[in-house]
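Heads up, the thing below is written out as structure tokens.
The values are calculated or read from the model by the stated rules, or taken from the named source; none is laboratory data. These numbers come from a predicted model, not from an experiment. Positions of Cβ are generated from backbone atoms using ideal geometry, with glycine treated the same way; all protein chains shown enter the neighbour counts. Surface accessibility is based on the protein's heavy atoms, side chains included, excluding ligands, DNA and RNA. Shrake-Rupley method; radii C 1.70, N 1.55, O 1.52, S 1.80 Å.
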Amino acid sequence: MDADSLLLSLELASGSGQGLSPDRRASLLTSLLLVKRDYRYSRVLFWGRILGLVADYYIAQGLDEDQLAPRKTLYSLNCMEWSLLPPATEEMITQTSVVKGRFMGDPSHEYEYTELQKMNEGDKVYEEEIVIRIKEETRLVSIIDQIDKAVAIIPRGALFKSPFGPTHVNRTFEGLTLSEAKKLSSYFHFREPIELKNKTLLEKADLDPSLDFMDSLEHDIPKGSWSIQMERGNALVVLRSLLWPGLTFYHAPGTKNCGYIYVGTGEKNMDLPFML
């Protein structure tokens, strides 16, 4: 959700019971403006909150003029002091995939797991247990990146791609109509396309290259991983992810008000295919 309209956005997303205390709201309103000024971002998004056992991580993201350029991620424990996180790498994601359970809420906390590695000593081959330590900050980077790639959403038309390449906010976007807002095909993944590149020319024939340049939610696997609900007498559409419980997207049809927030434990619902 955009930090410039934070209070309205939190109100629209509050149907899922995901709110912030008045002092946290006041802190975020001030600190996110400073983050935008100090880091010289074009836009700042309040990404959400990852719940820890000791403390919670409040996450914000900074965007450049090109909306699909890699986003800079920051975290805070008190909504006032923000620390920049390094970009996620494939090595980080592979390394942290063995860590299960809740976050602690301490960035310096280290998870330990043992790995069996084959060792050669002359003609002898034997296995040795090696203890590998993973910092919670590394796991935080990995989980945020996975959630962004899987369930960050933008409505069709909110962004447009210029002929020169960069992607910008569409100033003429006035929201989806009520009938469009009820369809999964009206929402895109807020990231570089993956599935779109595999489509045939015939499938791309009906697409508008300036608007339909991202992957649609209707082809997500497993099917049924999204819940669409109308609230406030059809004045608000809410999408909830069943794959990453805690991700809520909201949009008021006919208006520019839209965004997403994640409030959860940072754990993926691996049992979803068996639940559908």
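Between S14 and L53, the distance separating the two model label sites (each 7 Å from Cα on the Cα→Cβ line) works out to 3.3 nm. When only alpha carbons are used to place a centre, the stretch 153-184 and the stretch 258-275 end up 24 Å from one another.
Average projected area of the Cα convex hull of the stretch 51-117, in nm²? Can you show the working numbers first?
Details: hull surface 24.3 nm².
Average of the hull's projected areas for the stretch 51-117 equals 6.1 nm².
For the stretch 149-190, backbone nitrogen atoms closer than 18 Å to the point 7 Å from E90 Cα along Cα-to-C-beta are found at 149-150. Rounded to the nearest 20 debye, the dipole size of the stretch 221-276 about its Cα centre is 180 debye, using +1 on the Cβ of Lys and Arg and -1 on the Cβ of Asp and Glu. Placing a label point 7 Å from the Cα of F274 along the Cα-to-Cβ line, the residues of the stretch 223-265 whose backbone N sits under 20 Å from it are 223-226, 242-245.
Evaluate E = 1/(1 + (r/R0)^6) for T177 and E129, where r is the Cβ-Cβ distance and R0 equals 51 Å; express this FRET efficiency to the nearest 0.05. Result of the calculation: an efficiency of 0.25.
Rounded to the nearest 10 square angstrom, E115 shows an accessible area of 60 square angstrom against a 1.4 Å probe. Taking label points 7 Å from Cα along the Cα-to-Cβ direction, V169 and S108 give a separation of 3.8 nm. Rounded to the nearest 10 degrees, the angle from helix 136-151 to the longest Cα principal axis of the chain is 40 degrees. Among the protein heavy atoms, those of R156 account for about 80 Å² of accessible surface (1.4 Å probe, every chain in place). Largest accessible area first, the listed residues D212, D123, D106 line up as D123, D106, D212 when surface is computed with a 1.4 Å probe on the assembled protein chains. Its Cα gyration tensor gives the stretch 105-179 an equivalent ellipsoid; the semi-axes, largest first and in whole Å, are 49, 17, 12. Rounded to the nearest 10 degrees, the angle from helix 22-39 to the longest Cα principal axis of the chain is 90 degrees.
Using Cα springs under 10 Å in a Gaussian network model of the chain, which residue among N257, N78, N120 shows the largest mean-square fluctuation? Fluctuation is largest for N120.
Can you give me the % of accessible surface on the chain that is carbon or sulfur? Probe 1.4 Å, all protein chains present, nothing else counted. The nonpolar share, carbon plus sulfur, comes to 54 percent. Comparing E121, E11, E192 in a Gaussian network model of the chain (Cα springs below 10 Å), the most mobile by mean-square fluctuation is E121.
Counting only C-alpha contacts under 8 Å and six or more residues apart, can you give the relative contact order of the chain as a whole percent? All intermediate terms of the calculation are to be shown ahead of the outcome.
Numbers: 482 pairs, mean separation 48.0, N = 276.
Computed value for the chain: 17 percent relative contact order.
With a probe of 1.4 Å, find how much accessible area the stretch 3-274 has per residue, and write the answer as a whole number in Å². Walk me through the intermediate numbers first.
Details: 14390 Å² over 272 residues.
For the stretch 3-274, the solvent-accessible area averages 53 Å² per residue.
For G246, the residues 5 or more places off, or on other chains, whose built amide H falls under 5 Å of its own are S241. Note on the stretch 128-189: with charges restricted to the Cβ of Lys and Arg (+1) and Asp and Glu (-1), its dipole about the Cα centre is near 420 debye.
Full extension of the chain between E267 and L207 yields a length gain of 18.1 nm, computed as 0.36 nm times the residue separation minus the alpha carbon distance. Note on M92: accessible area approximately 40 square angstrom, rounded to 10, probe 1.4 Å, nucleic acids and ligands left out.
Evaluate the charge dipole of the chain about its Cα centre and quote only its size in Debye, nearest 20, assuming +1 on the Cβ of each Lys and Arg and -1 on the Cβ of each Asp and Glu. Please report the intermediate quantities before stating the final value.
On the way: 31 positive and 39 negative charges, 205 e Å.
For this selection, approximately 980 debye.
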